[in-house]
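Novice: Below you will find the structure I want to go over with you.
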Amino acid sequence: PSVQCSSAGGVAADPYCLLSSCQETQNNAAESSVQMVPSSKDTSFTETDFKSLVNRYCQKTRRSHSYVEVKKDGPSHIPHFFYKLIIDNKEYPVGDGKSIMEAKQRAAELAWSALQEQPDWDSMLSVFDQLILLHFCINNSVAVHRFTSEFEPLERLGKGAFGSVYKVRDKKLKIEYAVKVGCYKEKSLREVRTLSDLFHRNIVRYYTFWMQDTGYEWDLRDDSYDSYASSHHEGNSESKFLYIQMELCAKNTLRDWIDEKNKESVQDSKRREESLRIAQEIVCGVEYIHSKNHIHRDLKPANIMFGVEGEVKIGDFGLVTSDDDDEERTVCKGTPSYMAPEQRSERKYNRKVDMFALGLIFFELLWKLSTGYERAKIWPDVRRQRFPEEFSVTFTKEKQIINSLLSEKPEDRPDASAVKAELEEWTRIFNSHKASCQENQTV
């Protein structure tokens with residue numbers, strides 16, 4: 001006979017009624033609360049550890065089980081695995097995944113769902129066993145993970161000291177985004193606050209953020225793409241992880257664009273025109289950042305991306321700070337080769353450090369550096385406004401702009417708005433001259 005639910009002490013309760021009660025409590029908890037199994041017949045609990053659940057079930061019912069690989073598809077760098085679960089010589093539906101772990105987990109989920117459809121499922125386990133099973137589910141289920149419950153991770157785009165950036169697909173909207181995942185620190189929210197304050201065509205768009213107790217790591221060592229980075233806690237149960245959802249940009253950055261241009265045998269004639277457009281868009285983004293009283297502090301080609309329509313997008317605001325004249329700043333925050341002189345040695349500097357970096361980026365856009373050795377050789381000279389002779393002859397006007405941006409004294413560097421106006425004027429003259437030359441060639 002079924003046992004009625006009761007809140008009175010000492011009265012036996014239906015385990016699934018108890019579970020329902022637990023769920024009601026959990027629904028009011030934070031996102032990091034434990035996901036409960038809704039009922040014995042419900043298959044929607046996607047965050048449950050089905051492998052452990054099936055293992056416990058087989059132990060209690062004294063059944064043997066094993067996972068068998070059905071096949072493996074796809075290229076070696078993006079494999080796809082297919083596994084099935086066999087319980088007492090009975091085969092269950094094949095589960096697939098991008099890793100062995102995921103395929104086995106899916107196979108276990110399908111088997112668990114099939115097991116519950118058996119006519120004698122409810123009577124198969126005693127109330128005692130059901131309570132044990134319930135206890136097991138509550139204490140061993142995986143914490144609700146918003147990242148994997150709402151998004152399908154597709155690819156890791158980059159990894160650094162900050163954490164990792166992933167290309168993901170929203171499971172409901174079927175739209176792709178980028179999600180940055182890293183350990184939360186007090187200053188981490190500075191990047192979120194800045195991004196939420198910026199909305200511009202040339203800035204990577206920010207959507208939302210959240211914090212969780214668990215991290216996420218695309219673990220290539222065991223062919224798994226869904227390893228929870230609990231090891232990052234380093235024994236600290238108070239650790240939090242920050243997730244930032246952003247606009248997805250093209251995989252190739254401006255660094256990649258420059259490197260591709262540098263591989264060409266001769267200086268590309270179209271490179272100058274393309275570089276002018278890119279420089280204009282970068283400076284538009286920088287002008288907007290400065291208008292919001294922010295300093296980026298880490299402008300470099302690797303942090304500049306392209307949108308779906310080829311538009312320039314400034315990203316990675318991990319080192320952003322406010323442009324407050326009275327604030328003392330950390331020395332040597334940024335990428336050394338792009339740092340302004342004062343950024344390396346002084347505790348008080350302003351938005352002009354971004355203009356110095358912009359001058360170096362503009363030079364790289366225009367000038368072909370065939371090897372890393374060549375770059376290392378001339379880079380210190382460029383920082384001191386000493387350019388290759390051929391560059392000075394070929395890019396006379398651009399050299400003037402870059403010279404002003406690389407001024408040693410911050411006060412001698414122009415603001416972004418002045419550089420923007422100068423570039424617009426030079427682009428107009430350049431295009432007019434180009435059109436005139438083309439017209440003469442057709443006559």
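Novice: What lysines sit close enough to K261 to cross-link, taking a C-alpha to C-alpha distance under 20 Å and skipping anything fewer than 8 places away on the same chain?
Specialist: K251, K270, K300, K313, K368, K377, K399
Novice: Among 422-428, 197-203, how do they line up from the highest to the lowest mean number of other beta-carbon atoms within 10 Å?
Specialist: Details: 422-428: 15.1, 197-203: 16.7.
By packing density, highest mean first, the sequence is 197-203, 422-428.
Novice: Sorting check: for 312-321, 356-365, 94-103, 376-385, which peptide has the highest mean count of neighbouring beta carbons within 10 Å, and how do the rest follow? Could the numbers behind the result be given before it?
Specialist: Values: 312-321: 21.8, 356-365: 24.1, 94-103: 19.2, 376-385: 13.8.
Order by mean packing, descending: 356-365, 312-321, 94-103, 376-385.
Novice: OK, next. Please find the FRET efficiency linking D88 to S149, where r is the Cβ-Cβ separation and R0 is fixed at 30 Å, and quote it to the nearest 0.05.
Specialist: Details: r = 32 Å, r/R0 = 1.08.
Between D88 and S149 the formula returns 0.40.
Novice: Continuing with the same structure: Give, in nm to one decimal, the length gained when the segment between H80 and Y184 is fully stretched (0.36 nm per residue of separation minus the Cα-Cα distance).
Specialist: Details: separation 104, 0.36 × 104 = 37.44 nm, distance 3.29 nm.
Contour length minus Cα-Cα distance gives 34.2 nm.
Novice: Work out from phi, with θ = phi - 60° and the Karplus expression 6.51 cos²θ - 1.76 cosθ + 1.60, the ³J(HN,Hα) of each residue of the range 297-312, listed in order in whole Hz, and give x for Gly and Pro.
Specialist: Those phi angles translate into 6, 9, 6, 6, x, 5, 9, 10, 10, 10, x, 5, 9, x, 6, 6 Hz.
Novice: With contacts defined as alpha carbon pairs under 8 Å and 6 or more residues apart, what's the relative contact order of the range 250-440 in percent?
Specialist: Numbers: 229 pairs, mean separation 43.8, N = 191.
So the answer I get is 23 percent.
Just so you know, all these numbers are worked out from the coordinates, no wet-lab data involved. This one's a predicted model, so the numbers in the text were calculated from it and none came from an experiment. Please note: Cβ atoms are built from the backbone with ideal geometry, for glycine as well, and neighbour counts cover all protein chains shown.
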